[in-house]
Amino acid sequence: MPNRSVAIIGAGPAGVYAADILQGRDEQVRIDLFEKLPAPYGLVRYGVSPDHPRIKKIQDALHDVLENPRIRLVCNVEIGTDVTIAELRDAYDAVVISTGADRDVDLAVPGAELPGSYGGADFVAWYDGHPDAPQQWQLSAESVAVIGAGNVALDVARMIITHPHQLEQTDIPDHVEAAFRQNPVRDLHLLIRRGPADVRFSPMELRELGAREDVDVIVDPADMELDEHAERMVAQFNQRRIIVKTLTEWAHQDPATLTASRRVHLHFFQQPSRILGTDRVTAIEMERTQPDELGRITGTGETVQHNVGAVYRTIGYRSTPVPGVPFDDATGTIPDDAGRILDADGEPIPGLYATGWIRRGPVGLIGSTKSDAAEAIDSLITDLAARPGAAPEGAADALVARLTDAVGWDGWLRIDEAEKRLGAERGRERTKIVTREALMNHAREMEHTR
């Protein structure tokens, strides 16, 4: 088989894992890994709260993959603007889409558009220093609501409720740290439509919420009365058993010991019906829910109101369509069969593949993308072996050479070193550089794409 070249779009975990699996399966393949931002790592850099030290280990693992000289990093390249999918398909033997999920799922209730009603993805992008996020964020509410039952909801809740001095050793950008120092929050209401045995938290994330300094977590003991469905879930799944145990311990705390200056209130069996306010959020109205014997939720018609000055919607992520690639608006994913992207007639498009959240939806932890990438790469390798010929020699190099604003591996290493220097000035490992201009200024010092 002739030497092949493959373009992978998206340098987050899904794209890097796909590149790693591919180079391990084919010792001759040359891989170009494209990324729209000036920095790689995607979700690991811009989608996880900065107080997770174990995330650094994942970033270190991704770094090790990208050091492979057969993987060429090409950052700061926008698909559809700087280069098209058609051009990539002409220059490479295969193209893999791994652009992830970066938008909030809409909350379809009245008042969701009010000032003070925020998408969780937008908030995460702000505190993680995403170059396309706004520099300012209004943290002015003493009482806040977070809607959701997954780890993103816990991340958002934990970042809002944590006292700012506990973030000093993270890579949090300066403007974000300054905003959190002015945060007046006292009460955070975490609103969950299902019961405690059906949340999607990971046990570790949940325990981290309860480990915050000078923060009490409050659970209504009535919410911890498990029905037959919940009892089955606890008996069958160890993680749910751990979660319910943690929540039960919080529910049974002595009220006299709850003296912290900040509080997290967990409310189960409540779903949003409307967000209230005239010119900005003043409250959220929730409808109480009830489960059937299989845990399916229905509304009861009974409502309860929480007086809050801000609402954060963390009910899910959704992918952004890639220009020139089929996209299913109903599912928010690329239609595929074993990673092969399908056209409108359900037929595989030769040489076009998908992996990660844009393929399967935003489910699973970061590491779970490895098995997804393996399936897509299996399909790619099978197809290349059966396909005669190869992309024109030198076409990939010519395409990358024309992308004069691209940031390569050397450019990223300069950004990386600059962040570490900024961090050392503050006694921390790094401080994240935020704006595109600043990132590009550091990358362009003697920049050349490897």
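Throughout, read-outs are computed from the coordinates displayed, never taken from laboratory work. Given the structure is predicted, the values throughout are model-derived calculations rather than measurements. Note that each Cβ is placed from the backbone with ideal geometry, even for glycine, and that neighbours are counted across all protein chains shown.
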Number of Lys pairs in the chain closer than 28 Å at Cα, excluding neighbours under 8 places apart unless interchain, is 13
Distance in nm between ALA86 and HIS163 label points, each 7 Å along Cα→Cβ, equals 6.0 nm
Once both label points are put 7 Å beyond Cα along the C-beta direction, the ARG428-ALA211 separation in nm becomes 1.8 nm
Non-local residues with an amide H under 5 Å from the amide H of ILE97, with H modelled 1.01 Å from N and Pro and chain starts lacking one, are ILE9, TYR353, ALA354, THR355
A correct Stokes-Einstein calculation for the stretch 103-317, using the alpha-carbon Kirkwood radius, 37 °C and 0.692 mPa s, returns a whole-number D in µm² s⁻¹ of 185 µm²/s
Ordering 231-240, 347-356 by per-residue average of other C-beta atoms within 10 angstrom, highest first, gives 347-356, 231-240
Per-residue ellipticity at 222 nm attributable to helices in the chain (runs of n ≥ 4 DSSP H, -39500 (n - 2.57) apiece, nearest 500 deg cm²/dmol) works out to -9500 deg cm²/dmol
Computed for the chain: size of charge dipole around the Cα centre, +1 on C-beta of each Lys and Arg, -1 on C-beta of each Asp and Glu, debye to nearest 20, value 640 debye
Sorting LEU247, HIS306, PHE201 by the position of each Cα along the dipole of the chain (Lys, Arg +1; Asp, Glu -1; all at Cβ), the one nearest the positive end of that ordering is LEU247
Taking the reciprocal of mean 1/r across every pair of different Cα atoms in the chain, the Kirkwood radius in Å is 23.5 Å
A chain fully extended from GLU225 to THR298 at 0.36 nm per residue, minus the present Cα-Cα distance, gains in nm 24.5 nm
For the stretch 254-333 the GluC sites (Glu not before Pro) that pass both the DSSP coil test and the at-most-10 other-Cβ-within-10 Å test are GLU293
Any residue on another chain or 5+ positions along whose placed amide H is under 5 Å from the amide H of THR303 is listed here as ARG288
Between ARG232 and ARG274, the two model label points (7 Å from Cα along the beta-carbon direction) sit apart by a distance in nm of 3.7 nm
Ranked output for segments 37-46, 72-81 by mean other Cβ atoms within 10 Å, highest leading, reads 37-46, 72-81
Taking r as the C-beta separation of GLU67 and ASP405 and R0 as 30 Å, the FRET efficiency to the nearest 0.05 is 0.80
